[in-house]
Amino acid sequence: MELQKKISEDLKSALKAGDQLKLTVLRMVNSALQNKKIEKGKDAELTDDDVLQVLSKEAKKRKESVIAFENGGRPELAEAEKKELVIIEEYL
């Protein structure tokens, strides 16, 4: 639960600071966490393990995207995915 609070607080800080990349990534993570909460049930609370599981899944998606973009000759998109991955890994 602490990890989810930290993500929410960092999202607010990114909004105030105007950090678009971090804001976008944290909103995406927040959305994935909400989906996990819905998946667990109506009144379920997410544990830190659940949050870490979601973060690991999102990090894996970014790593796969980096490889796909690099193989597809799209280094600019691969670089964008790498930047997102760095932000996600801060919480892992």
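Residues in segment 40-92 that are of a type in the set (Asp, Glu) and in contact with an Asp or Glu (Cβ under 7 Å, 6 or more places away or on another chain): Asp48 alone.
Gln4: polar (S, T, N, Q), under 17 Å from the mean Cα position of the chain (by Cα) and either open to solvent by 90 Å² or more (accessible area, probe 1.4 Å) or at pLDDT 95 or above (or both), yes or no? It is false that Gln4 is polar (S, T, N, Q), under 17 Å from the mean Cα position of the chain (by Cα) and either open to solvent by 90 Å² or more (accessible area, probe 1.4 Å) or at pLDDT 95 or above (or both).
Counting only residues that are open to solvent by 40 Å² or more (accessible area, probe 1.4 Å) and either of a type in the set (Gly, Ala, Ser) or within 9 Å of the chain's Cα centre (by Cα) (or both), segment 31-42 holds 1 of them. When you scan segment 1-75 for helices (runs of 4 or more DSSP H) that lie fully inside it, which ones turn up with 3 or more residues that are in contact with a Lys or Arg (Cβ under 8 Å, 6 or more places away or on another chain)? Output list reads 2-17, 48-71. Scanning segment 56-88 for residues being surrounded by 15 or more Cβ atoms within 10 Å (Cβ to Cβ) and in contact (Cβ under 8 Å) with a residue 40 or more places away in the chain gives a total of 3.
Residues are listed down the side, and each one gets a yes or a no for (1) β-branched (Val, Ile, Thr); (2) under 16 Å from Leu85 (Cβ atoms):
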| position | (1), (2) |
| --- | --- |
| Thr24 | yes, yes |
| Asn30 | no, no |
| Ile38 | yes, no |
| Gly41 | no, no |
| Ala44 | no, no |
| Asp48 | no, no |
| Leu52 | no, yes |
| Lys57 | no, yes |
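Do we find that Glu45 is over 25 Å from Leu77 (Cβ atoms), modelled with pLDDT of 90 or more and more than 11 Å from the chain's Cα centre (by Cα) in this structure?
Details: over 25 Å from Leu77 (Cβ atoms): yes; modelled with pLDDT of 90 or more: no; more than 11 Å from the chain's Cα centre (by Cα): yes.
So Glu45 fails the test.
List the pairs whose first member sits in segment 1-28 and is more than 19 Å from Glu58 (Cα to Cα), whose second member is assigned to a loop (DSSP other than H, G, I, E, B) and of a type outside the set (Ser, Thr, Tyr), and whose Cβ atoms are under 9 Å apart, counting only residues at least 6 apart or on separate chains? As it stands, the answer is Ser13/Asp19, since those pairs meet every condition given.
The values are calculated or read from the model by the stated rules, or taken from the named source; none is laboratory data. Values in this document were obtained by computation on a predicted structure and should not be read as measured data. So basically every Cβ, Gly included, is an ideal-geometry build from the backbone, and we count neighbours across all protein chains shown. Note: areas computed on protein heavy atoms with side chains; ligands, DNA, RNA excluded. Shrake-Rupley method; radii C 1.70, N 1.55, O 1.52, S 1.80 Å.
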